[in-house]
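See below for the structure under consideration.
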Amino acid sequence: MPARSPAVISTRRRIAVPLAAVLTIVGLASCGEPGAPPERLTTPPGVEVQADLSYWSQGAEVLELDACLPRNSEEATPAVLLLHGGGFTSGDRDSEGMRRLCEYIAQQGMAAFPVDYRLAPAHTYPAQIDDVGNAVAWLREPAQVERFGIDPARIGVVGSSAGAIIAQSTGTRGSGPTDTGQRVGAVVSLSGVSLMTPEAQELGEPSPRATDLVLGYLGCSSVAECPQAAEASPISALDPSDPPMLLVSGTDEIVPAEQAEAMAAALQDAGVPADLIIRETSNHGLALLDSDARRSMISFLETHL
């Protein structure tokens, strides 16, 4: 893999493609109502899948992840956690075609791990961030490093919709080196919300449905009365030690593209590498990953992990 180059700041990019070019294997990832679980396909050659692995438990609660591993890798590989959408209230590690994305990333030579996290309304912020942090720490344990053949210093995260908010928050949580503890070295956000305070209502035209789902995640009844919104906003938590981010959004989806643009600008102001891809489409989450965006995602992960 190419060496990490955190000092290089990428140029912000607006890339428009026709709606018809959207990747067909993932389908539309609705923020609040993910589609039916994807049909199981035969595991592609060169990929090993390990399913239903417990990474955290507390009493009767157990959280699991799957592993998609490149076979016969001669070197320790980067690890990429995959976070599903579902508006924080539904979905799991099989939602939205996550298994297919998992296998695709493994085919590119990186280990991928779709992750379950606790859902609202039973669990609100910061439970979901805690869960992903626990998954990162679990992967760094010597037993998992040996089991999966991964490099514990090279862990990234890809999130879709609600999972993109969690991915951004995982990247901006804490400070200092990104190769230890619960820190991650790269973040890919697909239709993520970066700002949740009342000022967010001025970024484009937020969907009322998306606003309600974010409020449920925060455990608030209104935008005006939600003191935890600032702390939970990734844009408010970032600092110069945070990892590079690739932010992908659509021009006419339920999360305004202005959210991604604001986050990219804030990252670059902090001296953190940021790539921005805006698609001329109403598609959302994983459905933004056409062939060009997939290549950009893989290149980004290879560069920064």
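The values are calculated or read from the model by the stated rules, or taken from the named source; none is laboratory data. What you see is a predicted model; the values in this text were computed from it and never measured. FYI the Cβ positions are ideal-geometry reconstructions off the backbone, even for glycines, and counts take in every protein chain you see. These accessible areas exclude ligands, DNA and RNA; they are computed on the full protein's heavy atoms, side chains included. Shrake-Rupley method; radii C 1.70, N 1.55, O 1.52, S 1.80 Å.
Is it possible to state the helix-based mean residue ellipticity at 222 nm for the chain, with each DSSP H run of 4+ residues giving -39500 (n - 2.57), the sum divided by total residues, to the nearest 500 deg cm²/dmol? What is it? Walk me through the intermediate numbers first.
On the way: 9 runs with 88 residues, N = 305.
Mean residue ellipticity, 222 nm, calculated: -8500 deg cm²/dmol.
Once you have a ≥ b ≥ c as the square roots of the Cα gyration tensor eigenvalues for the stretch 55-125, tell me rounded if a/c is under 1.5, and otherwise prolate or oblate according to whether a/b is larger than b/c. Intermediate results must be reported in sequence, preceding the final value.
Values: a/c = 3.21, a/b = 1.88, b/c = 1.71.
Here the stretch 55-125 falls in the prolate category.
Measure off 7 Å from each Cα along the Cα-to-Cβ vector at A127 and S175, then give the distance between these two points in nanometres to one decimal.
3.0
With +1 assigned to the C-beta of every Lys and Arg and -1 to the C-beta of every Asp and Glu, and no other charges, what is the dipole magnitude of the stretch 95-147 about the Cα centre in debye, to the nearest 20? Please report the intermediate quantities before stating the final value.
Numbers: 5 positive and 7 negative charges, 18 e Å.
Using only the charged Cβ atoms, the result is roughly 80 debye.
What shape does the stretch 226-305 take by its C-alpha gyration tensor, where a ≥ b ≥ c are the square roots of the eigenvalues and a/c under 1.5 counts as rounded, a/b above b/c as prolate, and the rest as oblate? Can you show the working numbers first?
Numbers: a/c = 2.23, a/b = 1.19, b/c = 1.87.
It comes out oblate by the Cα gyration axes.
Just G174, G156, G250 to compare: in a GNM of the chain, with alpha carbon springs under 10 Å, which one fluctuates most?
Its mean-square fluctuation being the largest, the pick is G174.
Running a GNM on the chain with Cα contacts under 10 Å, which residue among R140, R93, R71 ends up with the highest mean-square fluctuation?
R71
For labels at A270 and Q58 in the simple 7 Å Cα→Cβ model, what's the distance in nm?
About 2.5 nm separates the two model spin labels.
What net charge is computed for the residues neighbouring P44, neighbours being all others with C-beta under 12 Å from the C-beta of P44, Lys and Arg scored +1, Asp and Glu -1? Can you show the working numbers first?
Working: positive: R71, R99, R100; negative: E48, E103.
Combined, the nearby Lys, Arg, Asp and Glu give +1.
Under a 5 Å amide H to amide H cut-off, with H placed in plane at 1.01 Å, what residues pair with M196 once short-range neighbours are removed?
Counting only residues 5 or more places away or on other chains, the set is S233.
Under 1.5 on a/c is rounded, so check that first for the chain, then, if it is not, pick prolate when a/b is larger than b/c and oblate when it is not; a ≥ b ≥ c are the square roots of the alpha carbon gyration tensor eigenvalues.
Numbers: a/c = 1.29, a/b = 1.24, b/c = 1.04.
The shape class here is rounded.
Local charge sum around S282 (other residues, Cβ-Cβ under 11 Å, Lys/Arg +1, Asp/Glu -1)? Walk me through the numbers before you get to the answer.
Values: positive: R279; negative: D252, E253, E280.
Overall, the nearby charge balance is -2.
For T43 and Q107 in the same chain, what is the full-extension length gain: residue separation times 0.36 nm, less their Cα-Cα distance, in nm? Provide the component values of the computation, followed by the final result.
On the way: separation 64, 0.36 × 64 = 23.04 nm, distance 1.05 nm.
Net length gain for the segment: 22.0 nm.
Residue farthest toward the positive end of the dipole of the chain, with Cβ of Lys/Arg at +1 and Asp/Glu at -1: which of C220, S207, H284?
Of the candidates, H284 comes out farthest on the positive side.
Calculate the spin-label point distance for D292 paired with S73, positioning each point 7 Å from the Cα along the beta-carbon direction, and give it in nanometres.
In this crude spin-label approximation the distance works out to 2.9 nm.
Residues in the stretch 234-252, backbone N under 17 Å from the label point at E202 (7 Å along the Cα-to-beta-carbon vector): list them, ranges by number please.
Within reach of a label on E202, which here means backbone N under 17 Å from a point 7 Å along Cα→Cβ, the stretch 234-252 contributes 235-236.
GNM, the chain, Cα, under 10 Å: largest mean-square fluctuation among E225, E48, E103?
In this elastic network of the chain, the residue with the biggest mean-square fluctuation among E225, E48, E103 is E225.
If each residue of separation counts as 0.36 nm, what is the full-extension length gain between Q50 and S90 once their alpha-carbon separation is subtracted? Numbers along the way, then the final one.
Details: separation 40, 0.36 × 40 = 14.40 nm, distance 2.30 nm.
Result for the pair: 12.1 nm of gain on full extension.
If you roll a 1.4 Å probe over the stretch 98-148 with all protein chains in place, what percent of the accessible area is carbon or sulfur?
Numbers: 810 of 1670 Å².
It is 48 percent, rounded to a whole number.
Could you check what % of the DSSP bridge pairs in the chain are antiparallel, to the nearest 5?
Working: 11 of 37 bridges.
Counting only bridges with both partners in the chain, antiparallel ones make up about 30 percent.
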